[in-house]
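Step one of this worksheet: look at the structure below.
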Amino acid sequence: MDLAISVVVSGIAIGLLIGLLSFVLVFLNKTTGIANFAIGNIGMFEAFIVYELFLSGLNIWVAVLLGLVISMAIGALIYHVVMRPFSRGAANLLVRTVGLYLLLAAMADVFFGQNQPYTFPNMLPQGGISLGSAVISWSDLITVAIVLVVAALFVAMFRFTELGVQFQAVAQRAAIAQLLGLRVRRLSMIAYIIAAPLALIVALLIAPSELLSSSMMDSLLLYAFAAAVVGGFSSLVGTFVGGIIIGVVIDLVATYVGGDLSLAAALAIMLLTLAARPNGLFGVPQVERL
Amino acid sequence: MRPHRRSRFALRSSQNPIKQPRRKLTHGAFAALSLVLAVLVAACSSASSSGGAAGLGNSASSGTITLGISVPLSGAVGSSCGPMNKAMVAWFNHVNSTGGVHGAQLKIDTRDDAYQADEAVTNTRAFAAEHVVAVTGQCGSIQPPAQMPILQAAGIPYLFVFGSCDTCTSDSMYFNLMPDYGVQLAEAIPWVFQKNGKGSVVIMTSATPGAAAITSNVQTAVKNAGGTFLASYSTPPGTADMTPFVLKMKALHPDYVVLNMTPQDAAVVTKAMTAQNFAPNKNLIGSAAISQATYLSNVAASLDPKVIVTSDVLAPSAAGNTQCASVLKAAGVPLSGVTLRGCGTAQVVTQALKDAKGSVTSSSVVSALESWDGVKASEVYPPITFTKTNHIGVSSLYVFGVKNGQFVVIGQLGN
């Protein structure tokens with residue numbers, strides 16, 4: 001029983017990270033109409049930039065701050081170069097995101113990959129709090145805090161800022177919002193400027209424990225995708241609930257069934273959710289007039 | 001039907017039944033795309049093998065001896081294998097600059113396989129088409145089982161992989177220096193029991209080809225040495241979260257934890273052990289696979305005294321005066337466990353080419369190797385013996401401990 005509790009605690013910790021990446025995925029989907037499958041690798045690529053800045057002699061925190069600024073520019077660049085030109089047709093745009101996913105992995109291999117994976121410096125305090133036989137590390141607790149802060153900031157943005165209201169308008173009725181004078185493309189670009197640093201934060205939280213490599217986000221992206229589907233692709237809060245469910249399940253499966261089946265279990269949950277509850281746990285049905 | 005709940009800050013995408021021109025995806029489309037994505041990612045870890053290659057052994061031509069190297073310069077083990085390759089190339093360049101092998105220059109065709117079996121197969125087919133004399137410099141246990149059928153059919157010797165391939169040992173073209181990881185660990189266990197006492201053992205393995213056989217070897221060795229085998233856990237290479245396995249081990253309170261993993265996975269699991277305040281009561285035991293800086297640099301100082309690994313090459317701390325050390329220094333390659341191994345392996349390959357009688361061909365290299373009896377072909381490897389039926393050249397292993405953050409020799413196994 002003690003082991004099960006420990007595994008659940010560990011699953012919640014990894015689940016929140018999955019949830020944060022899932023959150024970024026859904027945020028982009030809601031604000032731009034396209035879930036960008038490259039978001040994990042965008043974070044990975046930005047983490048490599050931070051690492052290079054660190055290797056050049058900068059303090060790690062300075063490197064992170066610079067990295068966050070650079071990642072905003074990367075977000076804008078990706079929108080303008082990859083997503084915006086001739087942006088008609090969801091399938092076309094989705095294929096672009098898959099292409100970007102592969103391109104970023106290849107570019108990371110070429111530019112940074114010679115000796116990967118790299119040991120990323122620990123930015124967060126070591127050690128943690130004992131809970132039964134498990135230890136909740138400070139980094140896990142800080143991850144929780146970061147998730148809460150991000151969620152609070154987004155709630156505040158959506159409720160109290162004009163930008164948030166505009167995002168809501170675009171998410172609900174993009175065409176009408178455009179007719180009413182909202183600059184939808186500008187909003188999409190801002191969404192990328194917000195999403196790219198969030199992806200970097202996820203990558204920075206993972207890199208110290210799992211080493212920095214061009215494939216470091218692959219499995220997490222799949223889990224994040226499953227979490228988004230479980231939570232409901234239209235619900236931002238659902239992403240965290242979905243993330244926790246996926247995180248706990250994959251850790252329980254790894255513990256009691258076998259590590260080889262963790263990914264299969266996550267994908268099975270996703271498919272079962274789609275079959276039994278197509279809009280996920282928190283999603284809303286999408287009604288369209290024929 | 002219960003109405004769908006909505007979060008306080010969830011954005012609803014549609015409430016008005018007016019068809020929207022905005023791009024929108026159905027969940028079904030997402031599912032399909034997720035599967036496409038899953039296949040893309042899974043494809044990166046898939047293994048394929050294939051036989052069928054042209055040629056029946058190749059020869060040097062026009063004063064050039066061509067060697068093929070398929071090696072992970074990127075991917076999950078690039079940090080270990082890339083430097084090893086640099087060291088090999090540095091030694092081969094040194095050989096060329098000092099007159100080559102019997103006047104022939106070495107031409108090295110290095111191709112990145114990113115630790116992917118299918119990439120290694122593509123590279124190996126290219127080597128067969130290129131009529132290389134030998135394929136060498138491989139690093140990893142995933143690729144050799146896929147490469148071997150091609151090389152066996154083409155009659156090209158496969159020299160000295162830094163990895164494990166238990167299904168290759170019956171192939172006449174397969175030569176390796178170090179014993180299989182399973183053999184290394186099985187030899188290490190009685191030595192460790194004798195030193196630190198018998199005890200209970202857990203093994204963690206990366207799910208690579210041959211891992212089950214290695215686990216079985218370890219299990220048998222533990223029982224034969226009077227210990228208790230508690231459990232084995234297997235994880236796919238690159239597993240994101242090792243915490244569940246660490247928690248399971250922690251619940252068993254083992255005296256020894258055996259790591260049969262890639263250095264990167266071993267590093268991640270050791271970091272997770274530190275995060276969970278877990279360490280085996282006595283030792284962390286590993287094979288040559290983790291006797292390198294990629295692993296050691298990720299081990300917390302508190303665990304250093306517990307680390308014991310086997311190695312078929314000298315520790316870098318004992319190799320300062322070797323020719324390898326000076327060649328690597330001249331080439332700007334830092335001296336480390338893997339670079340020393342790379343240089344030493346290149347020395348052994350060079351010696352095999354030199355010992356080939358007549359013209360240097362694949363078959364003359366095989367004959368030369370099979371005639372070696374206690375040949376000191378490299379300053380960093382023990383004497384090497386091959387026979388027609390035994391293609392594993394090194395029968396003694398160093399045992400390393402860790403002191404001041406560096407591997408140091410603390411014992412020896414075998415002859």
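The values are calculated or read from the model by the stated rules, or taken from the named source; none is laboratory data. From a predicted model like this one, the values you see are computed outputs, not experimental measurements. Cβ: placed from backbone, ideal geometry, glycine included. Neighbour counts: every protein chain shown.
Listed values, structure above:
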read-out	value
Residue list for the range B:347-369, restricted to those being part of a loop (DSSP other than H, G, I, E, B) and in contact (Cβ under 8 Å) with a residue 12 or more places away in the chain	B:Ala356, B:Ser359, B:Val360
Test for B:Val408: is it on the phi < 0 side of the Ramachandran plot, in a loop (DSSP other than H, G, I, E, B) and under 24 Å from the mean Cα position of the chain (by Cα)	no
Residue within the range A:204-214 that is assigned to a helix (DSSP H, G or I), touching a Pro at 6+ places or on another chain (Cβ under 6 Å) and of a type in the set (D, E, K, R) present	no
Members of the range B:178-211 found to be in contact with a Phe, Trp or Tyr (Cβ under 6 Å, 6 or more places away or on another chain) and crowded, with 24+ Cβ neighbours inside 10 Å, listed by number	B:Val201, B:Met204
Members of the range A:253-266 found to be over 25 Å from A:Ala151 (Cβ atoms) and in a helix (DSSP H, G or I), listed by number	A:Val253, A:Ala254, A:Thr255, A:Tyr256, A:Gly259, A:Asp260, A:Leu261, A:Ser262, A:Leu263, A:Ala264, A:Ala265
A:Ala199 within 19 Å of A:Phe154 (Cβ to Cβ), in contact with a Gly (Cβ under 8 Å, 6 or more places away or on another chain) and either in a helix (DSSP H, G or I) or more than 10 Å from chain B (Cβ to nearest Cβ) (or both)	yes
Pair list, Cβ < 9 Å and 6+ apart or interchain, from the range B:62-79 residues that are within 14 Å of chain A (Cβ to nearest Cβ) and touching a residue at least 60 places away in the same chain (Cβ under 8 Å) to residues that are β-branched (Val, Ile, Thr) and assigned to a strand (DSSP E or B)	B:Val71/B:Thr110
Residue within the range A:125-141 that is in a helix (DSSP H, G or I), hydrophobic (A, V, I, L, M, F, W, C) and surrounded by fewer than 21 Cβ atoms within 10 Å (Cβ to Cβ) present	yes
Residues of the range B:159-177 satisfying the condition of being under 16 Å from B:Val366 (Cα atoms) and of a type in the set (Gly, Ala, Ser)	B:Ser170, B:Ser172
Single residue of the range B:326-344 satisfying the filter (of a type in the set (Ser, Thr, Tyr) and not in a loop (DSSP other than H, G, I, E, B)) that is nearest to the chain's Cα centre (by Cα)	B:Thr339
Residues of the range B:212-233 satisfying the condition of being surrounded by fewer than 22 Cβ atoms within 10 Å (Cβ to Cβ) and among the hydrophobic types (A, V, I, L, M, F, W, C)	B:Ala212, B:Ala213, B:Ala225, B:Phe229, B:Leu230, B:Ala231
Residue within the range B:253-260 that is surrounded by fewer than 24 Cβ atoms within 10 Å (Cβ to Cβ) and among the aliphatic types (A, V, I, L, M) present	no
Number of the condition not met by A:Asp260 [criteria: (1) facing another protein chain (nearest Cβ under 7 Å); (2) in contact with a Gly (Cβ under 8 Å, 6 or more places away or on another chain)]	(2)
Every residue from the range A:166-181 that is surrounded by fewer than 24 Cβ atoms within 10 Å (Cβ to Cβ) and at the interface with chain B (Cβ under 7 Å from one of its Cβ atoms)	A:Gln168, A:Gln172, A:Arg173, A:Ala174, A:Ala175
Number of positions in the range B:108-130 that are touching a Ser or Thr at 6+ places or on another chain (Cβ under 7 Å) and either within 19 Å of B:Lys86 (Cα to Cα) or part of a loop (DSSP other than H, G, I, E, B) (or both)	7
Residue ID - surrounded by the fewest Cβ atoms within 10 Å (Cβ to Cβ), chosen from residues in the range B:388-412 that are closer than 20 Å to B:Ser172 by Cβ and among the β-branched types (Val, Ile, Thr)	B:Thr389
Checklist (1) crowded, with 24+ Cβ neighbours inside 10 Å; (2) more than 9 Å from chain B (Cβ to nearest Cβ); (3) closer than 29 Å to A:Glu52 by Cβ applied to A:Gly242, failing item	(3)
B:Ile308, sole failed condition from (1) more than 17 Å from B:Pro382 (Cα to Cα); (2) part of a loop (DSSP other than H, G, I, E, B); (3) under 19 Å from the mean Cα position of the chain (by Cα)	(2)
All positions within the range B:314-334 that are of a type in the set (A, V, I, L, M) and at pLDDT below 90	B:Leu314, B:Ala315, B:Ala318, B:Ala319
Residue check, B:Ala90 more than 17 Å from B:Lys354 (Cα to Cα), in contact (Cβ under 8 Å) with a residue 12 or more places away in the chain and in contact with a Phe, Trp or Tyr (Cβ under 6 Å, 6 or more places away or on another chain)	no
Residue match in the range A:182-196 (condition: charged (D, E, K, R), within 12 Å of chain B (Cβ to nearest Cβ) and part of a helix (DSSP H, G or I))	no
Set B:Asn260, B:Asn277: member being under 18 Å from the mean Cα position of the chain (by Cα) and assigned by TED's automatic domain parsing to the domain that holds B:Ser302	B:Asn260
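A quick yes/no check of all residues on (1) surrounded by 15 or more Cβ atoms within 10 Å (Cβ to Cβ); (2) in contact with a strand residue (DSSP E or B) (Cβ under 9 Å, 6 or more places away or on another chain); (3) modelled with pLDDT of 80 or more; (4) not assigned by TED's automatic domain parsing to the domain that holds B:Pro149:
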| site | (1), (2), (3), (4) |
| --- | --- |
| B:Ala53 | yes, no, no, yes |
| B:Leu56 | no, no, no, yes |
| B:Gly75 | yes, yes, no, no |
| B:Met88 | yes, yes, yes, no |
| B:Ala120 | yes, yes, yes, no |
| B:His131 | yes, yes, yes, no |
